[in-house]
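Enquirer: Next up is a structure, given as structure tokens.
The values are calculated or read from the model by the stated rules, or taken from the named source; none is laboratory data. If you're wondering where the values come from, they're calculated on a predicted model, not measured in any experiment. Quick reminder, even Gly has a Cβ in these numbers, built from the backbone with ideal geometry, and neighbours come from all protein chains shown. Just the protein is used for accessible areas: all its heavy atoms, side chains included, with ligands, DNA and RNA removed. Shrake-Rupley method; radii C 1.70, N 1.55, O 1.52, S 1.80 Å.
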Amino acid sequence: MHIPFINLAQQYQNHREIHQAILSALSTFQFCKGEEVDKFENAFCELLRCNHCISTGNGTDSLFIALKALGIKKDDEVITPAFSWISTSETISLCGARPVFADIDPITYTIDPVAIEKKISPQTKAIIVVHLYGQAAHISAIKEICNKNKLFLIEDCAQAHLTQEYGKNVGTLGDVGTFSFYPTKNLGAYGDAGCMVTNNSVLAERFKRIANHGALKKDDHTMEGLNSRMDTLQAAILLAKLPFLTVWNSKRWNNAQLYNSLLKDIESITLPYERPDTIHTFHLYAIRTKNRDKLKAYLERKNIETAIHYPCALPNLPVYDYLNHSPSDFPVATAFQNETLSLPIYAELTAQQITYIGHSIKSFMSQN
Ligand SMILES: *Cc1c(COP(=O)(O)O)cnc(C)c1O
């Protein structure tokens, strides 16, 4: 048995409607700003129960556009988790501002509200939270901190399509939610794509302008912006996939429960935690163990692909040497970078495959 970490071919084979959507979008020869783009924005709004969805070229652009639209500039500070993909911090620097890292909660692996409060300074303008691995960050608590200190709240939902806290979709709780539809995300295009959601119509218009050279319609440039559009073909693919997102997410959740039951008795492994009153969408199923590298190599020999998200906490990356941090400033993120291991979790995975992975991990642990 060979188990890949991602299996996009299987999803495509199971859903002929994706192929049909590509052919029908192609037949219009309207590759940019086709009607599928508007349709997708409307459908995504409806699904998330929010007022505005603005499509973009990718999730990183969504973050950059959000920060620009909120006026983040030189000498401003934006607080962001020490453990995430680099998009969350690089977009802050691209605005000329300074990323201020806060450590993560050792149980949920999302940004720790207590660590946030310690990092607030007179220069702080915004907080970016990341709903990491599909787990909702402590968004209500962080929203209170933002209200109290008059800070903008940006939710990076690249790993959290339809994740909820108290029955509300993440992305709709702060000033803006940013999404990525990179092919391997829970909702993935066949190339780069992204979007932003908000309930604020003034911000929505600004996002739309910045993503389209500062114009809402032809030759209406009231500011400078970028070219960050979602292709018509990508929108058509996402529209075809959107009706299945809830089912795919629940299959991921069921897969997680099966892993939990197979691995629960292994003391040297910490299983993912699910916050009460939330819906976890398991973009990733990350276990934690001190023997991570040996376990990963063992699973490779068993033909099981795994991945590490991420092998280096953001403040420990060479690019942030200039901030003069030491790894001990972020003890939780630094320990986690050496211990986290993502197991395959996609909807198409079978119970037989998960059982094989579970048994392989057990056999490794009994020998080590
Ligand atoms: C994937 C991802 C992004 C960036 O999305 P792209 O579409 O690849 O630019 C941003 N933040 C997080 C947490 C991600 O996982």
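Enquirer: Nothing charged except the Cβ atoms of Lys and Arg (+1) and of Asp and Glu (-1): what's the magnitude of the dipole of region 185-336 about its Cα centre? Round to the nearest 20 debye.
Expert: So the magnitude is around 420 debye.
Enquirer: Per residue, how much accessible area does the chain have with a 1.4 Å probe, in Å²?
Expert: The answer is 43 Å² per residue.
Enquirer: Here is a follow-up. How far apart, in nm, are two points set 7 Å out from the Cα along the Cα-to-Cβ line at residue 74 and at residue 220?
Expert: With each label placed 7 Å out from Cα toward Cβ, I get 3.2 nm.
Enquirer: Another question, then. What's the carbon and sulfur percent of region 190-326's accessible surface, probe 1.4 angstrom, rounded to a whole number?
Expert: 51
Enquirer: Taking the simple approach of a point 7 Å from Cα along Cα-to-Cβ for both residue 28 and residue 121, what is their distance in nm?
Expert: 4.8
Enquirer: Taking the Cα centre of the chain as the origin and placing charges on Cβ (Lys, Arg +1; Asp, Glu -1), which of 5, 198, 91 is farthest toward the positive end of the dipole?
Expert: It is 5.
Enquirer: For region 156-266, with only Lys/Arg (+1) and Asp/Glu (-1) charged at the beta-carbon, what is the dipole magnitude about the Cα centre, in debye rounded to 20?
Expert: Approximately 300 debye in magnitude.
Enquirer: With the convex hull built on the Cα atoms of the chain, state its orientation-averaged projected area in nm².
Expert: 18.4
Enquirer: Now for a different question. Among the Cys residues of the chain, which have no other cysteine Cβ under 4.7 angstrom away?
Expert: Cysteines of the chain left without a disulfide-compatible partner: 32, 50, 95, 146, 157, 195, 312.
Enquirer: Using the Cα centre of the chain as origin and beta-carbon charges of +1 (Lys, Arg) and -1 (Asp, Glu), tell me which of 64, 244, 322 is placed farthest towards the positive end of the dipole.
Expert: 244
Enquirer: I need the calculated FRET efficiency for the pair residue 362 and residue 19, taking r as the beta carbon distance and R₀ as 41 Å, to the nearest 0.05.
Expert: 0.55
Enquirer: Also, I was wondering about something else. Quantify, in whole percent, the carbon and sulfur part of the accessible surface of region 74-127 (1.4 Å probe; protein heavy atoms only).
Expert: The nonpolar share, carbon plus sulfur, comes to 59 percent.
Enquirer: Quick check on the chain: helices-only [θ] at 222 nm, where DSSP H runs of length 4 and up contribute -39,500 (n - 2.57) each and the sum goes over total residues. Nearest 500, please.
Expert: Estimated from H runs of four or more residues: -12000 deg cm²/dmol.
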